[in-house]
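Undergrad: This structure is in structure tokens; I'll ask about it shortly.
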Amino acid sequence: MPPPPSALRITRPTPTTISFTVSTRAPLETISARVLHYLSLALRVVIASAILFLLWTKWELLYPSVEGGGVPKWLVSSWPGKIATLMAKGVMTRYLVPLAGGVLWLCARRGYTEESLLVLRGLGIQTTSSSSTYLSTNSTRFIPTTSIQDIFIHEAFKMFEVRFYLAIVVEGEQDVVVVFPSLLPSLTILEEVWRGARSCLYEPKT
Amino acid sequence: MHPFSILTVGIFVAGYTTARWDLVTRLYELAIFAWDHDVFTRAVKGFAGVSIIFLAIVYPVSRIASREIVLHPRTGAGGISAREQLKRRGNGLMRIFWPSDAPSSPNPGVLVGWRNSDLDVLVVAILQDTRSVENAIRVGNLFRSSPYPIHRILERCGKSSLQVLGSVNPVVAPTTFNPASITCYTSPRSRFPHLFCPDTKEVMVQVILFDRPHPTRMQYISLAPISLALGDKADKSGKGFPPLDGVEAAEEREWERKQALVEKLKQHTVVRHSRAQKELLLPVIVDQINCSYELNALLQSNIGLIGTRSRRALSVGEHIVESASNLWDLILAWLWYIATEYIWPLQSRLFVFALIAHRAAGEVLLRILDWRLFPGHAALKDVSATAQQVDIRLQQFCYWPIQYLTLRKRKQTWQSITNSHPEYIRFYNSLWLVANDVIIGIALGSYIIENATFVAAQVDKILTAYTIQGLQATIIWLMDWPAGLKLNTELATFLGDLFLWVIDYWAGCMAMLRPYLPGIIHFIGFSSFAGATMPISLFSDLVSLLTLHIYSFYVAAARIYNWQLTIIISLFHLFRGKKRNVLRNRIDSCDYDLDQLLLGTILFTLLFFLLPTVFVFYACFAVARMVVIGIKAGLDTALACLNHFPLFALMLRFKDSRRLPGGIMFELRDVGNEKFPTVEQREGSAPTSFIHLKSVPLPLRAMLNEYFQLGNRISKHYVSPGVILCLITGRFVPPIHRKNLYSLQYSMLPKQRVGIYELWARVTEKDAKVGDGAYDLGLVNGGFGGNGYVGGGSGNDGYGHRRKGSGNGVGRVRVGRG
């Protein structure tokens, strides 16, 4: 499987603070891209709420609640309510629930992967990986400079190919920290990141 | 000097004098001449005069000067410009830590905080009074009426005192950048400050915004994730017990291999960078951030006091009001005195005695539970779930007073000192779990007691149905060509009869036990008032006792099956004309005689055809055994959940996740300079990066880490190819050692419990501390002056705490006078 196309984005407010971001998504710079992004987000919210509403209707059909509870009357009599009632009546629970779960999961899925490396002189290095869904937060790991032993690029087998990876050796730990672990970008990107990180992290020798 | 060189010099001098003797005589004559003409006396007079001048003028002047330097230190660079300093230092990175709740109004103010190095500052407070803050800090006015000694918090923050770092929004704009007195501009549009620093290509700026953790809500940040387990054991807890099984040995090997790789990697590191001061300071900065909230509150409360004149004399009306309030205070103090002097000591004494007696009884029980017949053998608590449960509870009871004392100490100092927060979570977690356990236990116990006969009947019914009648039915089925398998009838009948006979005997035993079963159930019901874990563990033990026959059947059937399999394998070697050489651990070829071959082949055929019959019986009992193990595993899981589940931590995680720090993270923020419109030089400002420091809450995965470890260990032990091979070949599957299984439950307990004598010492020390607490309260009431301190100081009779207590008192008196 070829590696997913990923682009490197560098933010460098000062020479002592650099953020490298590798992403499978094009940066949201043009207006059309931004509009598309927000439209897709809105669509996801709409679909997810529709699915939840459908599940609620099904629940009410199965276990009708006492007066005053349950789905409001105006919602049932409106056209989405009618469609939901029709669908809830038509589809059996054993098919509806897994199907709804699957659609909800698809709605919550993030369509891209973004991993970044933030280098702060005097403080340390921070790796960030975006989560696979919108529901969970990104996972970050901060490594103080004092516990960084080395940063290197190495190669390793992954399935049937050889991939390069950027790794940070942390003192006192048995496993190295792989930067960009799920994207594993190409060697040219890794070299650029490696050079930038090394020049940014340590004070220049006088 | 080295003796050898002394010798060399001596030899040289001696040789020189002998060689140039005439020179020596000339020198001697010169000395006599000088003595005759008063040269020596004049030299001595001159020396004395110079000494007198030095002692009378120069020495006092230098003393005065040094004293003046101490009294009025020169801040700043002492004549060297900032640019010159930066040039000397090379490329500079100015780092400012800025609290996110600092006021962003455009009013002028003074920055107070820590200066960790010349270009590294942490802002604690912005004081609006610009006049005499520097002097007030030096004299200590700003730390007046601090609840606890200020030096404790300062010691924690790198032993440096607070300083004036610079000014914010000054009326007169500065012209040059001076790191000794920085100038910041704030704007309501951004939480980030703007540092005045013209772009001179020599300095870069890092502005790091931090959210102050609230210490009274027990929030804090830390570099390492908070550890819910007690860290006094080795990281591989639960290991090292004599019966190290294969899984652990493999883990150990893997660990060593990785360690060797780590060592190798160390040698591959080409450039070793020395640690810069700024990098080493990170832990100190984390502490400073943790302490900044309380210090800020203290400074802000005192800022109104500086610059005000001393209090005027009270007016008559004020005198009356004060004396009236003093009278009330007096009555309160008297009541307080009676309570503290007579009622409280008696009660606490009684409580301490009860505690120690309880501890002693617990010690005896713990010794019994931990007693081993022979060293290396299993103790009682390794065999029985009930014994283990009692052991865990007793150890918790032994640990609670110590934990409580630790937590009391936490109350007696600054809240920012966060050492005991994990202990707090552990303590309340275990208290909550025990309370939960007891509540569930009471519900369960009352049900069992009320329906004892019914429960007993049900238990009896289930036991009979499954372990006796079910087993009998299965064996009879196996004897009669099960599922169309045509087994060897004679062997099946023999084996079946054998097992049936034992089951009959066992059924007789059970019938003898039956009248006592309601009593036993009653006992279990009563035991559950000590927590739901007790009936569960008792039930677990009962299950292992009442299914003893299944265990023995399994062992017997496995033995027979394994022997038969071994014999078949060796006969198969014979069949092929080979044999196993045990000395070399290999298979050699061997010339057998004809009769040997014939007999071996006949036996091989016989045993091979009998194998399915034996296998069927073995499989039956192995499945029964596995079911029993599964039931016990389920009960053990319930026990583990009731004993260890991190309820309190989970609650905290949802209530206030900042109380469970899992590390820190930085976020690069894009703050344009155009947000600071008041600064004229904003175009030519030095490159600045804006960073937000955040605390990462502890992930759920880390909270339940112990459970994942346990699951991992169990799956490694039971769902490994080795175990499946053991099952297939009929070898005995070694049960996982209880010690390994329960390292989880002991992870919140210390390895070595505190002895009775030490507990006594620490509890009586607690009494002294209670006295301390009383005088603290007296101080808060504000009724007494110095008397309160004296009383408090002399009232101490603790072990090394008297000195500390009286020291506090003296310190406070001094502060009060100042």
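Undergrad: Once both labels are modelled 7 Å past Cα along the beta-carbon direction, what's the B:Ile69-B:Ser274 spacing in nm?
TA: Between B:Ile69 and B:Ser274, the label points sit 2.6 nm apart.
Undergrad: Rounded to the nearest 0.05, what FRET efficiency do A:Ser182 and B:Leu335 give with R0 = 56 Å and r taken as the Cβ-Cβ distance? Could you check?
TA: Once rounded, the FRET efficiency stands at 0.25.
Undergrad: Starting with the highest mean, order B:589-599, B:515-525 by the number of other Cβ atoms within 10 Å, averaged over the residues of each peptide.
TA: Most protected by this proxy first, the peptides run B:515-525, B:589-599.
Undergrad: Whole-Hz Karplus ³J(HN,Hα) for the range B:440-451, in order, using 6.51 cos²θ - 1.76 cosθ + 1.60 and θ = phi - 60°, x for Gly and Pro?
TA: Working through the residues one at a time gives 4, x, 5, 4, 5, x, 5, 5, 5, 5, 5, 10 Hz.
Undergrad: Moving on. When the Karplus curve 6.51 cos²θ - 1.76 cosθ + 1.60 is applied with θ = phi - 60°, which whole-Hz ³J(HN,Hα) does each residue of the range A:25-31 get, with x for Gly and Pro?
TA: My calculation for the range A:25-31 gives 10, 5, x, 7, 9, 6, 5 Hz in order.
Undergrad: Check cross-link reach from B:Lys716 to the aspartates and glutamates: straight Cα distance under 17 Å, and skip same-chain residues fewer than eight apart.
TA: B:Asp245, B:Glu248, B:Glu251, B:Glu252, B:Glu254, B:Glu706
Undergrad: If exposed GluC sites (Glu not before Pro) are those in a DSSP loop with at most 15 other Cβ within 10 Å, what is the longest stretch of chain A that has none? Don't jump to the answer; show the numbers that get you there.
TA: On the way: sites that count: A:Glu29, A:Glu67, A:Glu171, A:Glu173.
Looking at chain A, A:68-170 is the longest stretch - no exposed GluC sites (Glu not before Pro) with at most 15 other Cβ atoms within 10 Å.
Undergrad: When the Karplus curve 6.51 cos²θ - 1.76 cosθ + 1.60 is applied with θ = phi - 60°, which whole-Hz ³J(HN,Hα) does each residue of the range B:594-602 get, with x for Gly and Pro?
TA: These are the phi-based 3J(HN,Hα) values: 5, 5, 4, 4, 5, 4, x, 5, 4 Hz.
Undergrad: For B:260-270, what's the mean count of beta carbons from other chains sitting within 10 Å of each residue's beta carbon? Numbers along the way, then the final one.
TA: Values: counts 0, 3, 8, 0, 0, 6, 4, 0, 4, 5, 2.
Going residue by residue through B:260-270 and averaging, the value is 3.
Undergrad: Within 10 Å of each Cβ in A:121-128, how many Cβ atoms from other chains are there, averaged over the peptide? Intermediate results must be reported in sequence, preceding the final value.
TA: Working: counts 8, 13, 12, 5, 1, 6, 0, 3.
Shielding by partners across A:121-128 averages 6.
Undergrad: By counting other Cβ atoms within 10 Å of each Cβ, how are B:Ser747, B:Ser715 ranked from fewest to most?
TA: Details: B:Ser747 20, B:Ser715 11.
Final ranking by Cβ density, sparse to dense: B:Ser715, B:Ser747.
Undergrad: Also: Please state the shape class of the range A:38-106: rounded when a/c is under 1.5, otherwise prolate if a/b exceeds b/c and oblate if not, all from the C-alpha gyration tensor.
TA: Cα axes put the range A:38-106 in the oblate bin.
Undergrad: May I ask what percent, to the nearest 5, of DSSP beta bridges between residues of the protein assembly as shown are antiparallel?
TA: 75 percent
Undergrad: Using only helices, what value at 222 nm comes out for the protein assembly as shown when you add -39,500 (n - 2.57) per DSSP H run of length 4 or more and divide by the total residues, to the nearest 500 deg cm²/dmol?
TA: -18500 deg cm²/dmol
Undergrad: What full-extension length gain, to one decimal in nm, is calculated for B:Ala48 and B:Val719 as 0.36 nm per residue of separation minus the Cα-Cα distance?
TA: Details: separation 671, 0.36 × 671 = 241.56 nm, distance 9.62 nm.
Gain on stretching B:Ala48 to B:Val719: 231.9 nm.
Undergrad: Step through the table entries B:Lys278/B:Lys694; B:Lys266/B:Lys751; B:Lys159/B:Lys278; B:Lys381/B:Lys632; B:Lys159/B:Lys409, compare each Cα-Cα distance with 25 Å, and write down the pairs that go over it.
TA: In this structure, B:Lys266/B:Lys751 lie more than 25 Å apart at Cα.
Undergrad: Using a basic spin-label model with each label point 7 Å from the Cα along Cα→Cβ, how many nm lie between B:Ile567 and B:Ala473?
TA: For B:Ile567 paired with B:Ala473, the spin-label model returns 3.4 nm.
Undergrad: Note down the nm distance, to one decimal, between modelled labels 7 Å out along Cα→Cβ at A:Phe160 and at B:Arg669.
TA: Rounded to a tenth, the inter-label distance reads 5.1 nm.
Undergrad: By how many degrees, between 0 and 90 and to the nearest 10, does the Cα long axis of helix A:93-108 differ from the longest principal axis of chain A?
TA: Value to nearest ten degrees: 40.
Undergrad: Something else now. Mind ranking B:355-363, B:164-172 by how tightly packed they are, going by the mean number of other C-beta atoms within 10 angstrom, highest first?
TA: B:164-172, B:355-363
Undergrad: Would you grab the residues whose amide H sits under 5 Å from the one on B:Phe210? Only those 5+ places off in sequence or on another chain, please, with H modelled 1.01 Å from N.
TA: Correct list: B:Trp98, B:Ser100, B:Leu693.
Every read-out reported here was derived from the displayed coordinates using simple, explicitly stated rules and does not represent laboratory data. Nothing here was measured: the structure is a model prediction, and the numbers come from that model. So basically every Cβ, Gly included, is an ideal-geometry build from the backbone, and we count neighbours across all protein chains shown.
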